[in-house]
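As structure tokens, the structure follows; a few thoughts come after it.
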Amino acid sequence: MSGTPEELDRWVAALAEELGFDAASTPVGGVLDLARDAAHGVARPAAPLTAYLVGLASQGDPARFEELAGRARALAARWPDAAAPTPAPPSAGAGA
């Protein structure tokens, strides 16, 4: 396993052919950036799950993928804050 860009290009081309779609529509850099940000901002296992969910939601539309990936990266960047529960407002009868 070399992990070079050429190896990734060959893998994407072979997988796209196997799955029956055009490899040219695959935003490889965008997917890798998304996976990196999810792994670093949330947890390593979030990388493939995030890429899958954004890909699923984008329905194969590269422009939609970029939009949704940007939203997912933003969520991952603020994840500890985004995951914190919102405190409930004090009730009218509290402390009485």
Inset, instruction - Given the peptides 70-83, 26-39, 9-22, arrange them by the average over their residues of other C-beta atoms within 10 Å, most packed first. - result: 26-39, 70-83, 9-22
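Using 0.36 nm times the number of residues separating GLU66 and TYR52, minus their current alpha carbon distance, what extension gain do you get?
Numbers: separation 14, 0.36 × 14 = 5.04 nm, distance 1.35 nm.
Here the segment from GLU66 to TYR52 would lengthen by 3.7 nm.
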Inset, instruction - State the extension gain, in nm to one decimal, for the chain segment bounded by SER25 and LEU8, taking 0.36 nm per residue of separation less the distance between their alpha-carbons. - result: 4.7 nm
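I need the calculated FRET efficiency for the pair LEU15 and ASP81, taking r as the beta carbon distance and R₀ as 30 Å, to the nearest 0.05. Could the numbers behind the result be given before it?
On the way: r = 36 Å, r/R0 = 1.20.
With a Förster radius of 30 Å, E is 0.25.
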Legend entry - From phi via Karplus (6.51, -1.76, 1.60), per-residue ³J(HN,Hα) for segment 53-65 in Hz, x at Gly/Pro: 5, 5, x, 5, 5, 7, 6, x, 8, x, 5, 5, 4
Legend entry - segment 26-80: radius of gyration over Cα atoms, expressed as a fraction of 2.2 N^0.38 Å: 0.99
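Quick one: dipole size for the chain, taken about the Cα centre, charges +1 on Lys/Arg Cβ and -1 on Asp/Glu Cβ, in debye to the nearest 20. Mind dumping the intermediate values first?
Values: 7 positive and 12 negative charges, 115 e Å.
Approximately 560 debye in magnitude.
So if I place +1 on the C-beta of Lys and Arg and -1 on the C-beta of Asp and Glu, and nothing else carries charge, what would the dipole magnitude of segment 26-80 be about its Cα centre? I want it in debye, nearest 20. Please report the intermediate quantities before stating the final value.
Values: 6 positive and 5 negative charges, 42 e Å.
Dipole about the Cα centre, nearest 20: 200 debye.
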Legend entry - Dmax and Rg, reported as Rg then Dmax, of the chain (C-alpha, Å): 18.8, 69
Legend entry - Estimated 222 nm signal from helices in the chain, with DSSP H stretches of n ≥ 4 weighted -39500 (n - 2.57), rounded to 500: -20500 deg cm²/dmol
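Since every read-out is calculated from the coordinates, none of them should be taken as a lab result. As the structure is a prediction and not an experimental result, all values here were calculated from the model. Backbone-built Cβ (ideal geometry, glycine too); neighbour counts: all protein chains shown.
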